[in-house]
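Quick one: the structure is below, and I'll ask about it shortly.
The values are calculated or read from the model by the stated rules, or taken from the named source; none is laboratory data. Note that this is a predicted model, so its numbers are computed, not measured. Glycine gets a Cβ as well: all are built from the backbone with ideal geometry, and neighbour counts include every protein chain shown.
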Amino acid sequence: MNPPADSEVRIGSEQGRGSGIRPMIEETRRGGSPLPRSSFRESRCPGRLPGPFTRREMLKTSASGFAWLALSALTQERAFGATRLSHFPGKAKSVIFLFMDGGVSHVDTFDPKPSLTTHAGEPWSGDAGRKWVKSPWSFAQHGQSGMWVSELFPHIATCVDDIAVIRSMKAELPIHSTSVLLLHTGHNLAGRPSLGSWMSYGLGSENENLPGYAVLSFGHVPVGGMEAFGSGFLPGNFEATIIRADGAPIENIVPVDSAAQQQAKLRFLRQEDGEFAGRLGGNDAVESAVRNYELAARMQSLVPDVLDDSRESQAVRDLYGLDDPDKNTRLYARQCLRARRLVENGVRFIQVNCPYGLSNGTWDQHGNLKAGHEKNARQTDRAVAALIQDLKQRGLLESTLILWAGEFGRTPHGPKPDGRDHHPEGFSVFLAGGGVKGGTVYGATDEFGVNAVENVTTIHDLHATVLHLAGLDHEKLTFRYAGRDFRLTDVSGTVAKGILA
């Protein structure tokens, strides 16, 4: 959904980047059809400016028109656009979101519960038909921090001194679609901008030839729909660019025309769309489309090189598992490696989805818990750890924030001993790099892992923390739409200071 003509972008009290310099006088009557230009220009009221203006007319008639034109261009450049909207120096220049869709079981990964072993098979007090289910995996302490991690994640366990686990996450509903939207957009209903769109909008991209927001996908639509990656009411150029794991990463990335033909087409499109936008008095949707055409053309020269993993050394290939015999493991390794390469090239927000598994999410094991979670862990564990280690050895982990999270956890009880259901009342996520204090365990659930009871952390709190680490105040990062200043965290959200370095 695109913002109405009277929408304006606000970063705190400042006007942020929108479609550029808007017309001073709108070309439409309130609730009516466009007025003819002559009805304005024939008016000779003293002190009145003739109107309405197109952007070009305004620049031509302004005393400082060319200075404003230069300023408009400067705001799109790398240095100016990348820094002017941050509220304070942030440690994270980029964010990599490792989305574990379906709901990873917290009591089988990062939140051990001996009470589940002691009382396994006994009825749960909330429903006699459900019984406590013990974890089929053992836990051990790792690193100098002594953090507990299950044997499901032997590779991530080697990185615990670089990560902070939040054991007290709390979502709202035990429904995949709404919880996926909440995790991505801060709202249970579709239509809001995603976290990646807010990040891209707030900080811009450090590379004008690449998008600010990329989703490394396995080709399937997540539960909750593509709105999870959408820009909502933000301008369309802040929407995610989808990069597929298998086959051509992006459709039509190789041009079919010569460079001269392509440039001629772009000039024609720019002219036609510019005139159309001018007749509308300025239009975000049209101008976003123009910017997207031009970005797509620039991407054709850079994206193939950035996404080409054949240039990596054998040591790096072995680290990630790029030559693993299992296809999904190979593809997930490729996407994690691409995430590192995109960070190196200035992309602000990269999301890596899981290999496609069950229809309601890869980790959604209501039954066959042991087989399902082991398969998922085997396909992702090595590459996640490799990403952390690779960024660290290249000196990029300090400026890159990694978020590993699903939409909720899984119940410590169930109707059968080899399955767990949806559980938003208490679960675990972890963060690494980008200003996070490694080796930290923040918050806690009760002795059975049912409810978050210490340092309870909501999705809005998580979003506020991610934005804070990137130098953005979640209360000031706003966009005016339909007469209201909207923000990612709605009307709540507190930074989890206990995980900050």
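Which one is nearest to K497 (Cα to Cα) among residues in the stretch 409-419 that are touching a helix residue (DSSP H, G or I) at 6+ places or on another chain (Cβ under 6 Å) and assigned to a loop (DSSP other than H, G, I, E, B)?
Going through the qualifying residues, I end up with P412.
Next question. Scan the stretch 310-325 for residues that are part of a loop (DSSP other than H, G, I, E, B) and buried (at least 19 other Cβ atoms within 10 Å of the Cβ) and jot them down.
G321, L322, D324 - these are the residues of the stretch 310-325 that are part of a loop (DSSP other than H, G, I, E, B) and buried (at least 19 other Cβ atoms within 10 Å of the Cβ).
Yes/no matrix, rows are residues, columns are (1) buried (at least 24 other Cβ atoms within 10 Å of the Cβ); (2) modelled with pLDDT of 95 or more; (3) of a type in the set (D, E, K, R):
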position: I175; (1), (2), (3): no, yes, no
position: V180; (1), (2), (3): yes, yes, no
position: G204; (1), (2), (3): yes, no, no
position: V223; (1), (2), (3): no, no, no
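Residues that are in contact (Cβ under 8 Å) with a residue 40 or more places away in the chain, among the charged types (D, E, K, R), touching a Lys or Arg at 6+ places or on another chain (Cβ under 9 Å) and closer than 30 Å to N237 by Cα: does the stretch 189-208 have at least one?
The answer is yes; a qualifying residue exists.
Separate question: Among the residues of the stretch 458-497, which ones are surrounded by 16 or more Cβ atoms within 10 Å (Cβ to Cβ) and over 19 Å from the mean Cα position of the chain (by Cα)?
Result: R480, Y481.
When both residues are 6+ apart or on different chains and their Cβ atoms are under 7 Å apart, which pairs have a first residue that lies in the stretch 395-408 and is in the same structural domain as A383 (by TED's automatic domain parsing) and at pLDDT below 95, and a second that is in a strand (DSSP E or B) and of a type outside the set (G, A, S)?
Pairs found: none.
Select from the stretch 85-107 the residues that are outside any loop (DSSP other than H, G, I, E, B) and aromatic (F, W, Y) and list them in ascending order.
Once the filter is applied, which keeps residues that are outside any loop (DSSP other than H, G, I, E, B) and aromatic (F, W, Y), the stretch 85-107 yields F97, F99.
With (1) part of a helix (DSSP H, G or I); (2) more than 30 Å from E251 (Cα to Cα); (3) not basic (K, R) as the list, and P174 as the residue in question, which single condition is left unmet?
Against the list (1) part of a helix (DSSP H, G or I); (2) more than 30 Å from E251 (Cα to Cα); (3) not basic (K, R), P174 comes up short only on (1).
Is it true that D273 is on the phi < 0 side of the Ramachandran plot, surrounded by 13 or more Cβ atoms within 10 Å (Cβ to Cβ) and modelled with pLDDT under 70?
In short, no.
Test of understanding: among T362, T329, which residue is within 25 Å of D418 (Cβ to Cβ), surrounded by fewer than 24 Cβ atoms within 10 Å (Cβ to Cβ) and polar (S, T, N, Q)?
T329
Conditions tested, residue by residue: (1) part of a loop (DSSP other than H, G, I, E, B); (2) in contact with a strand residue (DSSP E or B) (Cβ under 9 Å, 6 or more places away or on another chain).
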| residue | (1), (2) |
| --- | --- |
| L387 | no, yes |
| L391 | no, yes |
| E398 | no, no |
| E407 | yes, yes |
| S428 | no, yes |
| V450 | yes, yes |
| L462 | no, yes |
| D485 | no, yes |
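If you don't mind, another one. Give the residues of the stretch 361-398 that are closer than 30 Å to R130 by Cα and in contact with a Gly (Cβ under 6 Å, 6 or more places away or on another chain), sorted by residue number.
Residues satisfying the conditions are G361, T362, W363, D364, Q365, H366, G367, L369.
Being under 15 Å from the mean Cα position of the chain (by Cα), of a type outside the set (G, A, S) and part of a loop (DSSP other than H, G, I, E, B) is the filter here; which residues of the stretch 220-238 pass it?
Passing the criteria: P222, L234.
Which one of the conditions (1) out of contact with any helix residue (DSSP H, G or I) (no Cβ under 8 Å at 6 or more places or on another chain); (2) assigned to a strand (DSSP E or B) does V491 fail to meet, given that it meets all the rest?
(2)
Evaluate the following for G357: is it more than 24 Å from S197 (Cβ to Cβ), in the same structural domain as D390 (by TED's automatic domain parsing) and either touching a Leu at 6+ places or on another chain (Cβ under 9 Å) or not in a helix (DSSP H, G or I) (or both)?
Against the criterion (more than 24 Å from S197 (Cβ to Cβ), in the same structural domain as D390 (by TED's automatic domain parsing) and either touching a Leu at 6+ places or on another chain (Cβ under 9 Å) or not in a helix (DSSP H, G or I) (or both)), G357 qualifies.
Something else about it: Looking only at the stretch 410-425, decide whether some residue is within 24 Å of V215 (Cα to Cα) and within 23 Å of the chain's Cα centre (by Cα).
no
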